[in-house]
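Asker: Encoded as structure tokens, here's the structure I'll be asking about.
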Amino acid sequence: MEVILENLLSNAMKYGDHIHVNVADNAGTVQVAILDNGEEFDVDELRQLLRVPRDRRELGSTQLGLGVTLHLLEKCGGRLLVSSQPGIGSNFTLEFPK
């Protein structure tokens, strides 16, 4: 869980100057929401990028940290919910089973 949080917090600090973290116990899961006020991004585009093998991606960000995060989440039965809105920022919510 430490690596997962480190990756997401690192990205939030990289792209936003205000970060909010919320932890909640919710009906069989623990949720950790990381919100930032950085520029919005296309969630569908990110999803597509993560489906392409790393060695076939175009130059630029490799999204390696997010790829590792998703892999670790799958191994522990968790999931990642992502949203992004213009003028507001991004919300990455981790859900872990109890």
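The values are calculated or read from the model by the stated rules, or taken from the named source; none is laboratory data. Owing to the predicted nature of the structure, the values given are computational and were not obtained by experimental measurement. Note that we place each Cβ from the backbone using ideal geometry, even for glycine, and neighbour counts take in every protein chain shown. Protein only, heavy atoms only, side chains kept; ligands, DNA and RNA dropped before computing areas. Shrake-Rupley method; radii C 1.70, N 1.55, O 1.52, S 1.80 Å.
Asker: Provide the per-residue ³J(HN,Hα) series for the stretch 82-98, in order, calculated from phi with Karplus coefficients 6.51, -1.76, 1.60 and θ = phi - 60°, each as a whole number of Hz, with x at glycine and proline positions.
Answerer: 10, 9, 8, 10, x, x, 10, x, 10, 10, 10, 10, 8, 10, 10, x, 6
Asker: When the accessible area of the stretch 1-47 is computed with all protein chains present and a 1.4 Å probe, what percentage of it is carbon and sulfur?
Answerer: For the stretch 1-47, the apolar C and S fraction of the accessible surface comes to 50 percent.
Asker: Where does the charge balance sit around D36 when Lys and Arg score +1, Asp and Glu -1, over other residues with C-beta under 11 Å from its C-beta?
Answerer: So the environment of D36 carries a net charge of -2.
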